[in-house]
Structure formats: structure tokens, C-alpha cells
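For reference, the structure is listed below as C-alpha cells.
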Amino acid sequence: MKKIIYTLIAVAFCTLTACDETNWLKEEPLDFYTSENSYTTSAQFQQSLNFLYELIREMHWNNSGDYAVTMFLGDLSYGGTDPDLKFNNWETWVTANTTAASYHWQRCYSGIENANVIINRLTLTEKVGAAEKKVIDGEAHFFRAYFYNLLANMYGGVPIVTDEPTAPRTDFVRATREQVYQQCKADLELAISELPDITAVKDGKLSKQAAQHLATEVYISLGEYQNAINSATAVISHPSMALMTSRFGTRAKEEGDPYWDLFQTGNQNRSTSSNTEAILVMQYEYKSAGSNYSSQFPRQMLPFYAGLQVKGKNGGNVLAFTDLTEEKGGRGIGVFHPTDHFLYDIWGDDFDSDYRNSSRMIMRDFRIDNPNAAGYGEYVVADGWLNSAVSGDIEYTKNDAGYRNFYPFVLKFSRVGDLPDDCYVKTSDGSIKQTALGEHVIAYQWGSLSANCTLRDDYLYRLAGTYLLRAEAYLGNNQKDLAAADINAVRLRSNASPCSAAEVDIDYILDEQLRELYFEDFRIPTLMRLGKMVERTQKYNYFGYNVKSYQDLFPIPYSEIERNTGATLEQNPGY
């Protein structure tokens with residue numbers, strides 16, 4: 001009887017209220033997030049933007065294994081741990097089926113999808129004020145342009161998607177490379193109109209000048225050289241922008257130079273060091289849950305000096321060095337060996353005078369600190385101990401990929417002289433442990449920060465890069481005298497002799513980018529953008545013969561082609 005009464009009541013209720021069964025059963029989320037209520041407030045949009053900032057930081061700092069393909073190779077370095085495989089054999093390593101080809105593709109499209117959601121949802125919310133909407137929209141458009149520009153540089157033409165996804169798609173087709181750059185141009189011009197001036201943003205946040213810097217590169221790719229010149233000039237001539245030509249920052253009273261100052265801890269951000277060269281800085285805070293990793297550059301680029309053996313005093317072999325030390329930049333494992341072109345050729349007559357090649361930035365020799373070594377206290381290279389091991393191991397030669405244990409130490413990203421206190425090994429009296437020659441011993445255990453990482457903020461864009469982009473634009477615009485002037489602004493800051501207009505061509509500019517921005521910029525996408533990756537890798541990389549003529553572009557990942565059943569996603573030639 002009760003069941004009948006309850007049913008009649010329910011029927012009566014629905015009849016009297018014109019009950020819509022669909023709405024009646026619809027769930028209204030009150031205490032959890034769904035796709036409908038996740039993008040309504042300023043805080044929620046900021047969380048989504050934070051993901052995009054983090055994505056760019058990850059792509060630069062997670063520079064190990066296959067993920068390192070964009071940063072380290074080409075004319076800059078080769079694999080130091082695998083003479084015949086992987087990093088040194090692009091024909092088999094960079095294919096449509098490998099992580100090397102898919103890693104950046106996947107992350108770029110993840111970033112694009114998130115940017116599209118932000119852009120669309122901003123139009124649907126009334127909880128964000130008009131002024132704040134404008135800035136958020138500008139940031140989202142910058143990020144979308146950033147990721148599409150990287151895709152175009154690396155893969156050529158790719159599918160363009162500008163709408164928020166609402167259903168699965170399997171019918172993507174490739175736009176042309178020019179169309180992708182045009183999309184970047186439109187996004188960046190909008191971002192420039194919406195983003196605040198660099199003087200009005202917090203450290204690490206996007207500004208109008210960051211968008212103008214990226215727009216300069218995009219205009220060059222489109223052959224719009226005057227637009228590129230105008231965009232770069234807007235940054236360079238800004239009253240709050242200038243190259244750092246005098247000593248500054250946290251260690252200005254120590255021996256050093258302005259270029260060295262740029263890379264000392266605490267000197268990257270405008271608010272803390274008055275660094276007028278910084279445009280966009282990736283943020284890091286030691287042991288903060290919000291930035292719990294930094295760049296692994298020391299691990300990847302420094303030699304595996306902990307394994308270097310030399311002749312012992314009493315015969316046999318001993319380790320040349322007894323500990324990992326701060327002075328050697330951290331714990332290197334010799335994954336990437338700089339090319340001779342970078343280590344020797346590009347410095348020319350300025351080898352001993354260019355600040356960028358000083359022993360503070362690139363240390364080329366160290367003294368053996370093991371008292372049991374026959375050469376204790378003497379220099380590894382200068383005093384002839386590099387090949388003194390008598391165990392029958394390989395003989396190290398300058399161009400040998402097995403030359404993993406000792407080669408010039410690129411210290412640009414290492415904290416030498418100011419590590420956090422808990423990064424040092426301490427003695428029983430609490431003092432820092434030192435080697436027999438007085439170097440400071442640093443702590444290392446698997447997964448630790450101190451010995452492997454940079455432990456500081458890093459530049460994404462700085463003004464010297466803008467000058468070199470404008471030099472590219474001037475060269476494209478047949479104004480070689482002005483291109484030389486921009487290059488010389490960068491060179492003179494580092495005590496390098498000026499170049500003449502007659503010397504300037506695209507290869508000279510690429511060499512200057514190596515001198516100024518080594519291991520700051522994505523080198524491979526830069527070379528691919530200019531169609532120079534194959535040429536310069538074959539010319540300057542010891543294993544360049546393993547790069548094939550078709551590899552001025554990456555392959556479209558096969559997994560993307562395979563799942564795109566509703567249309568044909570064309571592969572790049574040669575793959």
C-alpha cells in the first residue's frame with residue numbers, strides 16, 4: 001500500500017510541476033570541480049595558466065634522455081656515453097616511432113589544448129573583471145603561439161586547432177608551415193595588445209615585451225623582416241630595457257664580469273637585481289613544493305670526472321679526484337660532449353679575452369687532488385696526465401665520444417661559490433669538508449638536488465637574444481651594417497672584438513648565438529627554423545655523418561598518423 005501511495009505522489013508532483021525527467025535527474029556539483037565549473041573564477045584561470053608556465057619550464061629543465069633532443073645536439077654537442085647509438089645516430093634515434101620525435105609534439109598540443117580552453121571559457125564567465133580577462137586572454141594567446149611556433153620550427157606544417165575540444169576527433173589535416181606561423185602572428189599581435197608592460201608584471205610573468213620578442217622570430221620565419229625589426233626595436237628601445245654592461249647583483253664585489261653576473265644566483269629577476277636584460281625568467285625556489293626541480297644541466301653537460309683514472313704513485317691506476325666538488329660545478333656524468341666548434345673554433349682571436357669563454361664560464365683544466373696519484377697537485381691536461389691510466393682503457397682523444405671523463409667544464413649553469421649550506425658535506429666539527437687541494441665537497445645521493453642541478457632561476461628570454469634576432473632581420477632586409485651593429489652591441493659587452501658588416505651572414509649570427517646563448521636556447525629548433533640543422537651538424541658534429549639529408553625536420557609521430565583515421569595526416573619526406 002505504501003509503495004502505491006509514494007508512486008502516486010511522485011506522479012502528481014511531476015504532473016503539477018511539468019517535471020522534465022532530464023533536469024530532475026541532473027547532478028548539480030556543489031563541492032567538487034567539473035568541466036562546467038572549473039573555469040569561472042580568476043583563481044581557477046590562474047591555476048590553468050600556471051600549468052602552461054610549468055609546461056615550458058619542464059620542456060627546458062627536464063633535459064635528460066630523449067627529452068634533451070632540442071637543447072644539446074646539432075653543432076653544439078654530441079653524445080658522450082653512446083658512440084654508436086641514440087644521440088649520435090639520428091637515422092635510428094629520431095624516427096616516427098621514438099620518444100625523441102613525440103615528446104615535444106605531445107607537450108605542445110597539450111599546451112595548445114589548455115590555452116584553447118582558457119580562451120573559450122573566458123567568454124563564458126561573468127566572475128572575472130574585464131581588465132583581468134584581458135591579461136589572462138593575452139597570456140593564453142602567447143602560450144598558444146609559443147607552442148605552435150615550436151611545432152612549426154620542428155615539424156613544419158601541423159594541424160591548427162583553435163577551438164576548445166568538445167568531442168574526440170580523428171580527421172586532422174596538416175596546415176602549411178606558413179599558415180602555422182600566420183596563426184602565431186595573429187595570436188602574438190593580440191597578446192601584445194593585451195599584455196601589460198614589463199614594468200607592471202611580477203617576476204616570471206608574461207609581458208608585452210616577451211610577446212614582442214617571440215613575435216620577432218615569427219616575423220623572420222614569415223619573411224616579414226621590417227615587422228621583425230620593428231618588433232625587436234620596441235623591446236630594445238624600451239626605457240626599462242638595456243644590456244647589462246657593468247657589474248651588478250649579489251656577487252658584484254667578487255672577481256668577475258657583467259656576463260658572469262648574469263648567471264649568478266639571485267641576479268636573474270628584475271625586481272631583486274635591477275637586471276634590465278631579463279625579459280622572461282623561469283622561476284625556481286630551493287626546496288619549495290611549488291618548484292621542486294630545476295634544470296639538470298650540470299648532470300648532463302659536465303664530464304664524469306668522478307670516474308677519471310690516472311697513474312698512481314705506487315703503480316696501477318687511481319682516481320684523479322677524491323670527491324664531487326663545488327668548484328667543478330657539481331656531479332656530471334658526461335652525457336653530452338661539446339663539439340670542437342663550440343669549445344675552440346668560434347672564439348677565434350678572442351679566445352682569451354671574451355668573457356663568455358673565461359675560466360669562470362668554461363673551465364678547461366683542474367689539478368689532480370688525489371694524494372695517491374703520481375701527478376698529485378698537477379693539472380690533468382696541461383701536465384699530460386689525461387692518458388696516464390695503464391689499465392688498457394681507451395685512450396682519450398679530443399673528438400672521441402668515449403672521452404667522457406674529462407673535457408672542458410661548462411660552468412655557466414652551476415652554482416660555484418654560493419650553494420645552500422645543506423648542499424655541502426660537513427666534517428665532525430661542522431665545517432665544510434675539503435679536498436687535499438682545498439675544493440669544497442658537495443653532497444650527493446640518488447635524487448638529490450645539489451650535485452645534479454642548477455638550483456636557481458633561468459632565462460627563457462633575455463635582451464641579448466633580441467639583439468641577435470634583430471640582426472637576423474636586418475640581414476634578411478639587406479642591412480648588413482645594422483646587423484653588425486646589433487651583433488657588436490652583444491660582443492662589446494663581453495669584451496669581444498667587433499665584427500665588420502662584410503663578415504655578417506647567417507652562419508656568423510648562428511655562431512654568435514652559440515657564443516652568447518649556449519645551452520640557454522633550444523638549439524635544434526633554431527637550426528631547423530633556418531634550414532641549417534643538417535648542414536651544420538654534418539659540418540661541426542663529430543657524428544654528423546649519421547644525420548641524413550631529410551632531417552631538417554622531425555617526423556610526425558606515427559601514433560598520431562595511426563589514430564587519425566578520418567583523414568590523412570601526411571608524414572614528412574624521408575621518414
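FYI, it's all coordinate maths here, none of it is from the lab. Please read all numbers here as calculations on a predicted model, not as lab measurements. Please note: Cβ atoms are built from the backbone with ideal geometry, for glycine as well, and neighbour counts cover all protein chains shown.
Worth pointing out:
- Think of each Lys and Arg Cβ as +1 and each Asp and Glu Cβ as -1; about the Cα centre, that makes the dipole of the chain roughly 720 debye.
- Radius of gyration, Dmax [the range 284-456; alpha carbons; angstrom]: 16.6, 52
- Debye equation applied to the C-alpha atoms of the range 64-123, log10 I(q)/I(0) at 0.18, 0.28 Å⁻¹: -0.67, -1.16
- As a proxy for reagent exposure, GLU439, GLU126, GLU378 were ordered by neighbouring Cβ count within 10 angstrom, fewest first; the result is GLU126, GLU378, GLU439.
- The range 62-195 - charge dipole about Cα centre, Lys and Arg +1 at Cβ, Asp and Glu -1, debye rounded to 20: 200 debye
- Ellipticity estimate at 222 nm from DSSP helix runs (n ≥ 4, -39,500 (n - 2.57)) divided over the chain, nearest 500: -11500 deg cm²/dmol
- Among 511-519, 162-170, 297-305, 340-348, sorting by the average number of other beta carbon atoms lying within 10 angstrom of each residue, highest first, gives 297-305, 511-519, 340-348, 162-170.
- Peptides 185-194, 455-464, 210-219 ordered by average Cβ neighbours within 10 Å, highest first: 210-219, 455-464, 185-194
- Ordering GLY334, GLY315, VAL425 by Cα displacement along the dipole of the range 284-456 toward the positive end leaves VAL425 in first place; charges were set at the Cβ atoms of Lys, Arg (+1) and Asp, Glu (-1).
- Value of relative contact order over the range 284-456, rounded to a whole percent, pairs C-alpha under 8 Å and six or more apart: 34 percent
- Among 408-418, 103-113, sorting by the average number of other beta carbon atoms lying within 10 angstrom of each residue, highest first, gives 408-418, 103-113.
- Helix 42-61 axis, angle to the chain major axis (alpha carbon atoms, nearest 10°): 30 degrees
- Rg over Rh for the range 48-147 works out to 1.15, both radii taken from alpha-carbon positions and Rh defined as the Kirkwood radius.
- Size of the range 151-266: Rg and Dmax of its alpha carbons, in Å, are 19.0, 61.
- Each label point was placed 7 Å from the Cα along the Cα-to-Cβ direction; for ALA242 and LYS433 their separation is 4.7 nm.
- The alpha carbons of the chain give a radius of gyration and a Dmax of 27.2, 104 Å, in that order.
- The chain, relative contact order in percent, only Cα pairs under 8 angstrom and at least six apart counted: 20 percent
- Counting every alpha-carbon pair across the range 463-575, the share separated by more than 18 Å comes to 59%.
- The amide H of LYS426, built 1.01 Å from its N in the peptide plane, has LYS433 as neighbours under 5 Å, considering only residues 5 or more places off or on other chains.
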